[in-house]
Each structure stands twice: as structure tokens, then as C-alpha cells.
Amino acid sequence: MAKKRRDVGKGIKAILSNIENEVNDAPESIVKELAGTIANIPVSQIEVNPYQPRTEFNEEALAALSQSISVHGLIQPITIRRLEKDSYQLISGERRFRASQRAGLKEVPAYIRLVNDQEMIEMALVENIQREDLNAIEVAITYQRLIEECKLTHESLAERVGKSRTNVTNHLRLLKLPPEILQSVRKKEITMGHARALVGIDDLAFKFGLFRKVINEELSVRKTEQLAKDYLEKNNLRKASGKKDSLPLEYKEVKDRISSHFGAKTNIKLGKDGKGQIIMNFNSTDDLNRIIDIMENE
């Protein structure tokens, strides 16, 4: 079988608009321009904020994010400020930055802020959010930037951008989706309606299965919502019935980790002699190649 190859890195580069020229001492007049651009900054030139209030990070979650970044790249840029030539300080996104370091990235996409420019940044972002050509993920990332950098609540953000609080919350929830699905929304392969249906599903294998079904069968938003609803209702009934997995807990954790890592439904069968099988499902040749790509990139 001839494998269909994909260059995952190109997908990330296509998403991000990079600027290669270094940011020199700049007047406030160009802060607005900087707010809408992304630069690739060497990891070695970025230092963490010594006044960062968050000092503890969940190691398991950090490892999972690092693995995702090593495969898909860093989707959501960090935010930094320029201290001097070739020297920057992290403002927000330390968890993403630490995971990128673990993943071995030499450069990370970053928004560059100038000192004392919060109001200019806020004005530029609020103006930028009014653009009609923004996709749902670009809107969500801009909302997140306003919340992180300008210390806004969902309610105050909604007032500033002239949207409902529900609109803000629904967009922000999209950022919980895996990178592959985020890319699909950005490329307008699926709509925000499809993404909203997928974000409510915790089972990563089913999430990816439904996502590929939406792509391959061109499902409507209504059909996608119904399939997600049917799954959630069935899952809730199973939990309510008290039905337990016969697999020992330690094996179930392994099964869930494999399933989450490869985005594919996985089962483990145990024999009485301690031997067993790991069975992984795939939906198509392309899906199998996606799994092979993940293994080859490790």
C-alpha cells in the first residue's frame, strides 16, 4: 500500500502569518500594526516573567501539550515584550512556552508588545475583531488575547467588542479543540457550528471519528449536532446504569492514553496468561497514514 504523505509542519506555517524582520525601537504609532502580526522568535532569546504568579504546572498536561506541539507545532502564539536587542520577556502563554521548550522547538510564534502599550493593544485588537474576513478561530484567539493581556472578564470583553457574552464564551470554548480540528476551522473545511458540536465531546477518539465523518461525508451542522447528542445521551445512560469497564484500571489508563495520543479508538484485550492485544481502529487509508505520521514523528 502506497502511503499518502503529509507535511504537518507546512500546515502550521500556512496558518501563521510570520514577520521575519526584527522589531527595532518603535514609536507608539506602530503598536497597532504590531498587535496584528506574529513573529517567529528564537526560544533562547525569551525569558520567563519573574513576577509570574503561576508557579506550578500540571506535569501530565504539560507533557501532553508538548507531544501535541511536537507533532502539530504551536498553534496559539505566546505574547512577549521586547527588553532590548535580541532579548524578550514572556507576558502570557508560559504553559505553551514551557511545552514548546520540551518539544525542542528552536523558534516560537509570538505577539510582540511594547512597554506601556496596553491601551493601544486593546484598541487595535478591538478594531481588528470587527473585520469580516476573520474565521472563528482567529476571533477566539483575539478574544483570548484581550482577556489575558488586558485583564478583561467575559462580560467586559463582550461590551468592548459589541457582542453578547454567549458569543464570547462560545468562541473561547473552540480553543479547547485539538490542533487538527482548529486548522480545519481556520481553513473553513468545517464551520463554527460543526466545531461547537465537537468541542462538547470528551472522548478524543469519538471526537476525531465524528470530525472525519463531517469532512468525508460533508455532514450538515444539524446532523453533526444530532450525532454528538446521541453519543452524549448514550454515554450518560451508560454512566447512570453503573456499567463498569471489565478492564483493570491500570490497563484502562493505558488504553485511554493511547487513544488520546493517536486520536483513534483503541481497545486492549487481556488473556489469562498475561498476554494480550492492542487493537486500534482507523476509518480510512488517510486515517491510517495520519496514525503512521504520528508514530514516525516521535
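The values are calculated or read from the model by the stated rules, or taken from the named source; none is laboratory data. Bear in mind the structure is a predicted one, so any value in this text is a computation, not a measurement. Because the Cβ atoms are built from the backbone with ideal geometry, glycine has one as well, and the counts that use them run over all protein chains shown.
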Criterion violated by V168 - all others in (1) modelled with pLDDT under 90; (2) more than 30 Å from A264 (Cβ to Cβ) satisfied: (1)
- prompt: Quick one: would you say A205 is modelled with pLDDT under 90, hydrophobic (A, V, I, L, M, F, W, C), buried (at least 17 other Cβ atoms within 10 Å of the Cβ) and assigned by TED's automatic domain parsing to the domain that holds D286?
  reply: yes
- request: Could you check how many residues of region 87-130 are modelled with pLDDT of 85 or more, surrounded by fewer than 16 Cβ atoms within 10 Å (Cβ to Cβ), at negative phi and part of a loop (DSSP other than H, G, I, E, B)?
  value: 1
- prompt: D133 versus (1) touching a Lys or Arg at 6+ places or on another chain (Cβ under 6 Å); (2) modelled with pLDDT under 85; (3) not hydroxyl-bearing (S, T, Y): which is the lone unmet condition?
  reply: (1)
- prompt: Which residues, counting only those in region 220-238, are under 11 Å from G193 (Cα atoms) and surrounded by 14 or more Cβ atoms within 10 Å (Cβ to Cβ)?
  reply: V221, K223, T224, E225
field: Single condition I190 does not satisfy, out of (1) modelled with pLDDT under 80; (2) assigned to a loop (DSSP other than H, G, I, E, B); (3) of a type in the set (A, V, I, L, M, F, W, C)
entry: (1)
- prompt: In this structure, is R145 crowded, with 17+ Cβ neighbours inside 10 Å and not aromatic (F, W, Y)?
  reply: yes
statement: Selection over region 275-293 where residues are free of Cβ contacts under 8 Å to residues at least 24 places away in the same chain and either outside the structural domain of S260 (by TED's automatic domain parsing) or part of a helix (DSSP H, G or I) (or both) yields a count of 1
- prompt: Which ones in region 148-161 are in a helix (DSSP H, G or I) and free of Cβ contacts under 8 Å to residues at least 12 places away in the same chain?
  reply: E155, S156, A158, E159
